[in-house]
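The values are calculated or read from the model by the stated rules, or taken from the named source; none is laboratory data. Note that the coordinates shown come from a computational prediction; the quantities given were computed from them, not determined experimentally. Every residue, glycine as well, gets a Cβ built from its backbone with ideal geometry; the counts of neighbours run over all protein chains shown.
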């Protein structure tokens, strides 16, 4: 079954009671039991809910996974993965990382004795230098947020397997339409479902997809025990959003390419980050492991003045100045003061998150309107 067909049908069957084509919203906290302990697979909705179960099956199929778990946020799903570890364990991760992930690693889990190494992962061989007897996990994003670094998932998977490490991949920027890390050897795929999968900026949710039964059992225990589970209404909204994921991603990619090509030649742009350009670092890897290059673009301005970035971002008429990404509407973001503000300035700048860096989430509007909006803001 092809991706577009899976997006519409995977995990979803007509309701056996009414024949409803759309999965019902099972808005209930608890379920009837014929006798104590004898139920139809559902007892209490924190553990399982039929609407959420349908979504988890759908996401698993889209990622080529056996198992899926949905969480109340993307951070909730990352939290569950890190809880697989024990005090003293070490994690190798990238030096360009979503600010919320960095904050969780350094401000929450570091207090419980976990050690995180933030390194340049563009060359996977660099990972080997940081592996010790205490290393238990490699956590990576690709493309990274916000400088679009491309990490070779397959090469990282080889290293992880050699050293019996868990390889977890944040696949949010690509979505399962563009990239499937499990097929490249990853153990766990994480999504901020809030973004491209939901696609309409109306849901907060996270997800994990995986194939290993032991890992799934551990994560399902954490999922139920710690309670970061989403409700049925949000699950329904994501199921609805997924039905157009393939169509939306096609337009995100097309619009993203046109916008990137326009920005590349603009005299006010200093650096442009979009993996579709042949001169983008690891472009060949992106071409190999992704089906297209997505709608996420970052750029810095000549002179690197924060006030210039603020002025440009605030001048947009179609692009909305806001956090998040992946919705049908185009957004502009200033990472240094918004999504990555929790990262110390020196570390931000080392990763390329300068004062003038702006991140675009290119939506699915008519691209001529998006180009006109950028032109009026840049040329003001």
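Is at least one residue of the range 171-183 over 27 Å from residue 284 (Cα atoms), not assigned by TED's automatic domain parsing to the domain that holds residue 279 and not in a helix (DSSP H, G or I)? Looking for residues that are over 27 Å from residue 284 (Cα atoms), not assigned by TED's automatic domain parsing to the domain that holds residue 279 and not in a helix (DSSP H, G or I), one finds none in the range 171-183, hence no. Once the range 59-78 is narrowed to residues that are closer than 12 Å to residue 229 by Cα and in a helix (DSSP H, G or I), the residue that is nearest to the chain's Cα centre (by Cα) is 74. The listed residues are 62, 69, and the only one of them that is in contact (Cβ under 8 Å) with a residue 40 or more places away in the chain and within 19 Å of residue 222 (Cα to Cα) turns out to be 69.
For residue 160, the criteria (1) more than 17 Å from residue 97 (Cβ to Cβ); (2) in contact (Cβ under 8 Å) with a residue 40 or more places away in the chain; (3) crowded, with 23+ Cβ neighbours inside 10 Å hold in every case but one, which is (2). Of 124, 87, 143, all but one fail to be touching a helix residue (DSSP H, G or I) at 6+ places or on another chain (Cβ under 8 Å), in the same structural domain as residue 228 (by TED's automatic domain parsing) and surrounded by fewer than 18 Cβ atoms within 10 Å (Cβ to Cβ); the exception is 87. Inclusion of residue 152 among residues that are surrounded by fewer than 20 Cβ atoms within 10 Å (Cβ to Cβ) and touching a helix residue (DSSP H, G or I) at 6+ places or on another chain (Cβ under 7 Å) is not warranted.
All of 326, 276 fail the test of being free of Cβ contacts under 8 Å to residues at least 24 places away in the same chain and either within 30 Å of residue 180 (Cβ to Cβ) or surrounded by fewer than 16 Cβ atoms within 10 Å (Cβ to Cβ) (or both), apart from 276.
Based on this model, can you work out whether residue 260 counts as without any contact (Cβ under 8 Å) to a residue 40 or more places away in the chain, under 22 Å from the mean Cα position of the chain (by Cα), crowded, with 21+ Cβ neighbours inside 10 Å and not assigned by TED's automatic domain parsing to the domain that holds residue 154? Yes: the conditions hold for residue 260. Exactly one residue out of 98, 102, 67 is touching a strand residue (DSSP E or B) at 6+ places or on another chain (Cβ under 8 Å) and surrounded by fewer than 23 Cβ atoms within 10 Å (Cβ to Cβ): that is 67. The helices (runs of 4 or more DSSP H) found wholly in the range 302-379 and carrying at least 1 residues that are within 25 Å of the chain's Cα centre (by Cα) and at pLDDT 95 or above occupy 306-315, 367-378.
For the range 104-121, the candidate set comprises residues that are assigned to a strand (DSSP E or B) and touching a helix residue (DSSP H, G or I) at 6+ places or on another chain (Cβ under 8 Å); within that set, the residue that is farthest from residue 348 (Cα to Cα) is 116.
Of all residues in the range 1-25, which are outside any loop (DSSP other than H, G, I, E, B) and surrounded by fewer than 11 Cβ atoms within 10 Å (Cβ to Cβ)? If the condition is that a residue be outside any loop (DSSP other than H, G, I, E, B) and surrounded by fewer than 11 Cβ atoms within 10 Å (Cβ to Cβ), then 5 is the only one that fits. Among the residues here, residue 283 qualifies as within 20 Å of the chain's Cα centre (by Cα) and closer than 16 Å to residue 174 by Cβ.
How many residues are crowded, with 21+ Cβ neighbours inside 10 Å and either out of contact with any helix residue (DSSP H, G or I) (no Cβ under 9 Å at 6 or more places or on another chain) or within 15 Å of residue 220 (Cβ to Cβ) (or both) when one looks only at the range 37-54? Total satisfying the criteria: 2. Of the residues that sit in the range 306-323 and are touching a helix residue (DSSP H, G or I) at 6+ places or on another chain (Cβ under 9 Å) and touching a residue at least 24 places away in the same chain (Cβ under 8 Å), which one is surrounded by the fewest Cβ atoms within 10 Å (Cβ to Cβ)? Result: 317.
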